[in-house]
Amino acid sequence: MSALRNSFWWDRADRAPHLEAVIFSLDAVLADPRADERPLAEAVWDLHCSGIRVAVVTGGHWQSVQRPVRDLLGDGAVEVLITGDEVNRPKPDPEVYRQALWQLGVRAADAIAVEDTAPGLRAAVGAGLTTVVVTTTRTAGNDFAGAAAVLPGYRHLSETRCRGLVLGAQRLSA
């Protein structure tokens, strides 16, 4: 007797789209002393507590950004911090994002970037990442064509929204 079915829906579970990591760029936040940082910290901890790995990329130098990132986000949520010291080419080159993906051990299809500048958006998209732009008072009017979403602040960024964006991007590329 031959089998009527070759596979079941659960056989494809290993190929199902899923979100493993979110890579934040904090260049604009670190440069703006008036930025409301609480929603950013809440979004990062929401993702971390949901089992999603978090990385931070910035064009700044390690000694000038390591302490502010730690003060802003606390200890334990950020697994990887890539600074301008660790790459040969700055944004809009995608090297900083590729380095973060490599250190996380995650494919671009299973991660998203959260950017705050147009050159950063180009870098993230160039690395193959679905990208969300969170605008600041300085970037609110800029053109962010190519972004999967443009949000007016970090309070609109959640684990559910990030999962939905990666799922939508993977459906479009399939």
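Miscellaneous remarks
- Dipole magnitude for the chain: computed about the Cα centre from +1 point charges on Lys and Arg Cβ and -1 point charges on Asp and Glu Cβ, it is near 500 debye.
- J(HN,Hα) series, region 154-168, from Karplus relation 6.51 cos²θ - 1.76 cosθ + 1.60, nearest Hz, glycine and proline x: 5, 5, 8, 9, 9, 4, 5, 5, 4, 4, x, 5, 5, 5, x
- Efficiency of FRET from Cβ geometry, ALA140 and GLN103, R₀ 30 Å, rounded to 0.05: 0.45
- Protection proxy ranking, peptides 122-131, 35-44, average beta carbon neighbours within 10 Å, highest first: 122-131, 35-44
- Compactness of region 108-174, expressed as Rg and Dmax over alpha-carbon positions, Å: 11.3, 36
- For region 52-114 and region 123-154, distance of Cα centres in Å: 16
- Net charge of neighbours whose Cβ lies under 15 Å from the Cβ of GLY105, counting Lys and Arg as +1 and Asp and Glu as -1: 0
- Ellipsoid semi-axes in whole angstrom, largest first, where each is sqrt(5λ) of the Cα gyration tensor of the chain: 31, 17, 16
- Within region 24-110, the trypsin sites (Lys or Arg not before Pro) that combine a DSSP coil assignment with at most 15 other C-beta atoms in a 10 angstrom radius are ARG34, ARG107.
Every read-out reported here was derived from the displayed coordinates using simple, explicitly stated rules and does not represent laboratory data. Worth saying up front: this structure is predicted, and the values here are computed from it rather than measured. Quick reminder, even Gly has a Cβ in these numbers, built from the backbone with ideal geometry, and neighbours come from all protein chains shown.
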